[in-house]
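K.L.:
Structure incoming, see below.
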């Protein structure tokens, strides 16, 4: 039975950010190394596949280093801020697209969990709430009558679906630590992946909800829903859409107190759990309900959850 009612509701940012007290850092942390911006058009293929068959995204080499993970100024599960060291890895420059997922399905005959269940969860803009929609899946993310465009991030994929794609492509899902390190793009302690100002130069620089969620979307950023990948400028490491557009699955099991039980070198999250971690916020995140397009924001859902604002990107070891 698909367990979504305990896992999906906060994904739309239905909780306001409240300042919390956390551990205070003694001194600012500096990056121990600088990530090298280097892209490749292919990757080490999975066994039995070549890169053209896998339809792999262009990848960016993120050189390992030490950074300040989390925040002391957000929600309780986002702190305390703490130093973490990660090794070098390659990361997809963009979220996995519908076109890429289509190639995966064509090559393997894979059927997603939403397709097997016959339904998934969609945010109903008229009702202002999440609802079960029969027939919603990665091809029809809002249900019958909708259509997923080839260049937008694939959604309505569960964690299990994302992991299956990653394995086929010779990759894996990123840890939360890898994801946040990469998202920060070399910036130290900044609120957003581009800095501390939400609208630098007075403009929206990512796909998030401007206006009053869920009844008024001013579409200041140019998109009322999902945007094609790479519609906005990349961060300092050459990665696109590390804030907004769609939430992204991470490899880790989720725990509210994960940062209190973590290791500080290549942490992989709790050993077990009921839900998987998600990062990056989505086009539904707004100032009046949340700001989960912040670099330190975290969320979670059961591994079989599919939503129309939840996708993924992959990594592989250097």
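The values are calculated or read from the model by the stated rules, or taken from the named source; none is laboratory data. Since we're looking at a predicted model, the values are computed, not measured. Cβ: placed from backbone, ideal geometry, glycine included. Neighbour counts: every protein chain shown.
K.L.:
Could you go through the stretch 233-254 and let me know if any residue there is over 18 Å from the mean Cα position of the chain (by Cα) and surrounded by fewer than 24 Cβ atoms within 10 Å (Cβ to Cβ). It would help to see each step written out before you state the result.
P.N.:
Looking only at the stretch 233-254, we keep the residues that are over 18 Å from the mean Cα position of the chain (by Cα), and these are none.
No; the residues of the stretch 233-254 include none that is over 18 Å from the mean Cα position of the chain (by Cα) and surrounded by fewer than 24 Cβ atoms within 10 Å (Cβ to Cβ).
K.L.:
Take the residues in the stretch 242-268 that are in a loop (DSSP other than H, G, I, E, B) and touching a helix residue (DSSP H, G or I) at 6+ places or on another chain (Cβ under 6 Å); name whichever of them is farthest from residue 63 (Cα to Cα). Explain how you work it out, then say what you get.
P.N.:
Restricting attention to the stretch 242-268, the residues satisfying the condition of being in a loop (DSSP other than H, G, I, E, B) are 242-243, 245-246, 254-257, 261-264, 266-268.
Going one step further and asking which of them are touching a helix residue (DSSP H, G or I) at 6+ places or on another chain (Cβ under 6 Å), we end up with 242, 256, 267.
Details: 242: 17, 256: 28, 267: 16 Å.
Looking at residues that are in a loop (DSSP other than H, G, I, E, B) and touching a helix residue (DSSP H, G or I) at 6+ places or on another chain (Cβ under 6 Å), I get 256.
K.L.:
May I pose another question? What number of residues within the stretch 193-207 are under 28 Å from residue 61 (Cβ atoms) and crowded, with 16+ Cβ neighbours inside 10 Å?
P.N.:
Of the residues in that region, 5 qualify.
K.L.:
Closer than 14 Å to residue 207 by Cα and out of contact with any helix residue (DSSP H, G or I) (no Cβ under 8 Å at 6 or more places or on another chain), is that true of residue 230?
P.N.:
Details: closer than 14 Å to residue 207 by Cα: yes; out of contact with any helix residue (DSSP H, G or I) (no Cβ under 8 Å at 6 or more places or on another chain): yes.
Yes.
K.L.:
For the list (1) closer than 18 Å to residue 285 by Cα; (2) surrounded by 13 or more Cβ atoms within 10 Å (Cβ to Cβ); (3) at pLDDT 95 or above, I need the number of the one condition that residue 190 fails.
P.N.:
Condition not satisfied by residue 190: (1).
K.L.:
All but one of (1) assigned to a loop (DSSP other than H, G, I, E, B); (2) surrounded by 17 or more Cβ atoms within 10 Å (Cβ to Cβ) hold for residue 183; state the number of the condition that does not hold.
P.N.:
Condition not satisfied by residue 183: (1).
K.L.:
Suppose we filter the stretch 100-123 for residues that are outside any loop (DSSP other than H, G, I, E, B), touching a residue at least 12 places away in the same chain (Cβ under 8 Å) and surrounded by fewer than 16 Cβ atoms within 10 Å (Cβ to Cβ); how many remain?
P.N.:
Taking the stretch 100-123 first, the residues outside any loop (DSSP other than H, G, I, E, B) are 100-108, 113-117, 119-123.
Remaining after also requiring touching a residue at least 12 places away in the same chain (Cβ under 8 Å): 100-104, 107-108, 113-115, 117, 119-123.
The next check asks that each one be surrounded by fewer than 16 Cβ atoms within 10 Å (Cβ to Cβ); those that pass are 107-108.
Of the residues in the stretch 100-123, 2 are outside any loop (DSSP other than H, G, I, E, B), touching a residue at least 12 places away in the same chain (Cβ under 8 Å) and surrounded by fewer than 16 Cβ atoms within 10 Å (Cβ to Cβ).
K.L.:
Hey, could you check the stretch 147-162 for residues that are within 14 Å of the chain's Cα centre (by Cα) and assigned to a helix (DSSP H, G or I) and say which is surrounded by the fewest Cβ atoms within 10 Å (Cβ to Cβ)?
P.N.:
159
K.L.:
Could you list, in sequence order, all residues of the stretch 274-290 that are within 14 Å of the chain's Cα centre (by Cα) and outside any strand (DSSP E or B)?
P.N.:
Initially, the stretch 274-290 is screened for residues within 14 Å of the chain's Cα centre (by Cα), giving 276-285.
Correct list: 280, 281, 282, 283, 284, 285.
K.L.:
If only one of 214, 303 is surrounded by fewer than 24 Cβ atoms within 10 Å (Cβ to Cβ), touching a residue at least 60 places away in the same chain (Cβ under 8 Å) and either out of contact with any strand residue (DSSP E or B) (no Cβ under 6 Å at 6 or more places or on another chain) or outside any loop (DSSP other than H, G, I, E, B) (or both), which one is it?
P.N.:
Working: 303 fails: either out of contact with any strand residue (DSSP E or B) (no Cβ under 6 Å at 6 or more places or on another chain) or outside any loop (DSSP other than H, G, I, E, B) (or both).
Among 214, 303, only 214 is surrounded by fewer than 24 Cβ atoms within 10 Å (Cβ to Cβ), touching a residue at least 60 places away in the same chain (Cβ under 8 Å) and either out of contact with any strand residue (DSSP E or B) (no Cβ under 6 Å at 6 or more places or on another chain) or outside any loop (DSSP other than H, G, I, E, B) (or both).
K.L.:
Follow-up. Test residue 170 against the stated conditions and say whether it is within 23 Å of residue 85 (Cα to Cα), assigned to a loop (DSSP other than H, G, I, E, B) and touching a residue at least 24 places away in the same chain (Cβ under 8 Å). Lay out the reasoning, then the answer.
P.N.:
On the way: within 23 Å of residue 85 (Cα to Cα): no; assigned to a loop (DSSP other than H, G, I, E, B): yes; touching a residue at least 24 places away in the same chain (Cβ under 8 Å): yes.
Spelling it out, it is not the case that residue 170 is within 23 Å of residue 85 (Cα to Cα), assigned to a loop (DSSP other than H, G, I, E, B) and touching a residue at least 24 places away in the same chain (Cβ under 8 Å).
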